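Here is the structure we will look at.
The values are calculated or read from the model by the stated rules, or taken from the named source; none is laboratory data. Nothing here was measured: the structure is a model prediction, and the numbers come from that model. Because the Cβ atoms are built from the backbone with ideal geometry, glycine has one as well, and the counts that use them run over all protein chains shown. Only protein heavy atoms, including side chains, enter the accessible area calculation; ligands, DNA and RNA are left aside. Shrake-Rupley method; radii C 1.70, N 1.55, O 1.52, S 1.80 Å.
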Amino acid sequence: MMSVLIDTVAWVRVENGRILCARPRGKDVFYIPGGKREGRETDLQTLLREVEEELTVAILPATVSHMGTYEAQAHDHPDGVVVRMSCYAGEYRGTLAASSEIEEMAWFSYADRPLVPPVDQLLFDDLRASGALA
C-alpha cells in the first residue's frame, strides 16, 4: 500500500497557557493555523502566506523559530495518508481576525485536545509537557 505525505507548516501561538486554533469553513475540527506549501515555497514563505490568508496578520520573519516537526495519520483521509506538520513560533503585527476561509478561531487549553486532529494532538502533548499549555 502506498503512503501519501501531506506536507504542512503551522504557526504555534501560545498566550496565557492557551494555543490559537482555527476552524476552516466547512470543517468539523480545529487546526493549528497554517497549511500546505505551494510550489517551491520554503517553510517560512508558506508560514507567512498561510497565516496572513487565514488570520490577517503578518508574521515577523526575524522572530520565527522552529518548534518541532510532527507526523500522524491525516484526519478525514484514508489510512496511510500521513500529515507532516513543521511547527514554528513567531511574533506578529496586526490584529488577529478570522478571514473568509476561516469559520472561527479559538484559544485552546490542553482540555480541548480532542477537538484537534491527531498530528495537532502530538504538539499539544509536547506543549503540555513543557508547561506552555494549561
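Observations on the structure shown:
- Magnitude of the charge dipole, the chain, Cβ model with Lys/Arg +1 and Asp/Glu -1, debye to 20: 180
- Using the Cβ of Gln73 as centre and a radius below 13 Å, the other residues enclosed give a net charge of -3, where K and R count +1 and D and E count -1.
- Dividing the helix sum by the residues of the chain, where each DSSP H run of 4 or more adds -39500 (n - 2.57), gives a mean residue ellipticity at 222 nm of -6000 deg cm²/dmol.
- Average projection, convex hull of the Cα set of the range 1-70: 6.6 square nanometres.
- Normalised size of the chain, defined as Cα radius of gyration per 2.2 N^0.38 Å with N residues, equals 0.99.
- For Thr42, the accessible surface of its heavy atoms amounts to roughly 70 Å² (probe 1.4 Å, protein chains only, rounded to the nearest 10).
- Projected over every direction and averaged, the convex hull enclosing the alpha-carbon atoms of the range 64-134 yields 6.0 nm².
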